């Protein structure tokens with residue numbers, strides 16, 4: 001087991017005790033002619049907290065003046081009635097953040113609010129701009145001074161620069177999209193408009209809905225549900241949606257009938273199971289993954305358990321397909337986040353014990369199929385298998401509802417370098433031994449199309465295949 005334990009890079013992201021890929025952030029935006037947008041945005045961000053637990057913020061527009069409140073920490077830690085009461089207006093954007101590409105610094109907290117020659121912008125972003133270095137250098141040569149290390153500021157500068165020679169902010173957005181490469185779902189408020197747009201490939205989700213006269217945008221449909229909005233549709237890849245005085249305009253000049261390449265991991269892990277993305281229910285896709293695993297990789301066992309939370313749907317699917325009873329295998333401490341710091345030499349070992357505790361009455365003496373969504377470095381998988389054996393499990397057969405991670409992501413998902421990925425240097429049988437399982441099987445790449453067959457878009461699976469939908473930056477550009 002020492003190979004796994006020594007395969008941990010000391011540093012900001014690798015110190016996270018729960019060895020999973022993480023997505024960058026969640027977005028929410030609203031136009032409401034009746035006001036009180038701050039409280040609604042708060043509820044929307046609360047529903048999106050799973051997408052980022054590092055920092056959050058809300059910006060509102062009242063009579064062309066933009067006010068904001070943002071901080072490091074969770075939504076319920078950052079806002080109270082007093083802070084929300086100061087944010088009056090009829091347009092708002094909100095953000096929850098996990099920093100996949102930039103440092104954990106307070107100045108990177110969003111919304112980013114900046115003043116320029118045409119007024120003030122408040123902007124929130126999900127994704128990663130692959131040509132950020134080149135664009136930032138170009139802007140700096142023109143005199144730009146950057147205050148953050150986030151891609152969001154690069155997007156804002158691109159829009160601000162284009163706005164000088166554009167007739168409207170939506171035209172400036174359209175022109176900026178011609179120079180931005182990579183993944184970006186964005187919502188912004190200008191002095192008079194609320195605008196939402198996605199990159200041409202639609203790597204990151206963004207949808208819209210209505211609640212009476214209100215227009216609402218969010219990363220996931222579950223956030224619409226939480227504020228009583230009715231889901232209307234997903235924003236198309238390359239589309240710009242402009243809301244001005246309650247009137248909604250769609251600009252599709254950049255759409256080019258692109259089928260899109262949304263991140264497949266939205267269905268496997270990132271999104272909440274009650275969300276629907278491009279017509280595909282997240283929970284249904286996870287159950288389908290479990291059914292495929294049971295068909296292709298069966299095993300004699302007494303019970304099927306899932307690793308909370310994203311492994312539960314796949315475990316249900318495995319159980320239904322195999323006929324092996326489903327049982328609750330772990331009790332999860334809901335009050336432990338990724339930022340939990342435990343004392344002692346082996347912080348990660350302690351943290352896993354705190355977060356997940358085997359339900360001994362269910363697993364003692366049993367042959368178990370344990371279903372999880374992924375293996376990254378293998379550290380957490382090894383510890384969970386060990387915990388099950390300590391609780392008396394006779395056998396532990398691990399089934400993973402995604403293919404092996406083999407490649408980095410450049411579009412906003414925090415996946416380690418290839419040398420840190422367990423599957424890069426080890427066969428499946430070697431990985432099985434390293435995590436201490438009796439058997440190990442992954443979902444096949446071909447099965448990914450089947451578990452998303454109801455989605456009306458394509459998807460990106462480059463982290464499994466190495467086939468990227470767009471050209472990658474050269475020399476960090």
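The values are calculated or read from the model by the stated rules, or taken from the named source; none is laboratory data. Quantities reported herein were computed from a predicted structural model and do not represent experimental measurements. So basically every Cβ, Gly included, is an ideal-geometry build from the backbone, and we count neighbours across all protein chains shown.
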- Scan the stretch 279-297 for residues that are touching a strand residue (DSSP E or B) at 6+ places or on another chain (Cβ under 7 Å) and surrounded by fewer than 22 Cβ atoms within 10 Å (Cβ to Cβ) and jot them down. 297
- Pick out, from the stretch 46-138, the strands (runs of 3 or more DSSP E) lying fully within it that include 1 or more residues that are assigned by TED's automatic domain parsing to the domain that holds residue 195, in contact with a helix residue (DSSP H, G or I) (Cβ under 6 Å, 6 or more places away or on another chain) and surrounded by fewer than 16 Cβ atoms within 10 Å (Cβ to Cβ). 65-72, 112-116
- Note on the structure: Note on the stretch 234-267: residues surrounded by fewer than 18 Cβ atoms within 10 Å (Cβ to Cβ) and either in a helix (DSSP H, G or I) or on the phi > 0 side of the Ramachandran plot (or both) are 245, 246, 256, 257
- Limited to the stretch 217-233, what total is found for residues that are in contact (Cβ under 8 Å) with a residue 24 or more places away in the chain and surrounded by fewer than 24 Cβ atoms within 10 Å (Cβ to Cβ)? 7
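Results for (1) surrounded by fewer than 22 Cβ atoms within 10 Å (Cβ to Cβ); (2) touching a residue at least 12 places away in the same chain (Cβ under 8 Å); (3) within 30 Å of residue 259 (Cα to Cα); (4) not assigned by TED's automatic domain parsing to the domain that holds residue 285, shown as yes or no for each residue.
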residue	(1), (2), (3), (4)
419	yes, no, no, no
422	no, yes, no, no
426	yes, no, no, no
430	yes, no, no, no
436	yes, yes, no, no
444	yes, yes, yes, no
447	yes, yes, yes, no
452	no, yes, yes, no
456	yes, yes, yes, no
- In the stretch 181-200, what residues are at negative phi and surrounded by fewer than 24 Cβ atoms within 10 Å (Cβ to Cβ)? 181, 191, 192, 193, 200
- Task: Go through the stretch 394-403 and give me each residue that's in contact with a helix residue (DSSP H, G or I) (Cβ under 8 Å, 6 or more places away or on another chain) and either surrounded by fewer than 22 Cβ atoms within 10 Å (Cβ to Cβ) or on the phi > 0 side of the Ramachandran plot (or both).
- Result: 403
- Query: When residues of the stretch 268-303 are filtered for being part of a helix (DSSP H, G or I) and closer than 23 Å to residue 233 by Cα, how many remain?
  - Reply: 8
- Note on the structure: Scanning the stretch 363-382 residue by residue, those touching a strand residue (DSSP E or B) at 6+ places or on another chain (Cβ under 9 Å) and buried (at least 18 other Cβ atoms within 10 Å of the Cβ) turn out to be 363, 366, 368, 369, 370, 371, 372, 373, 374, 375, 380, 381
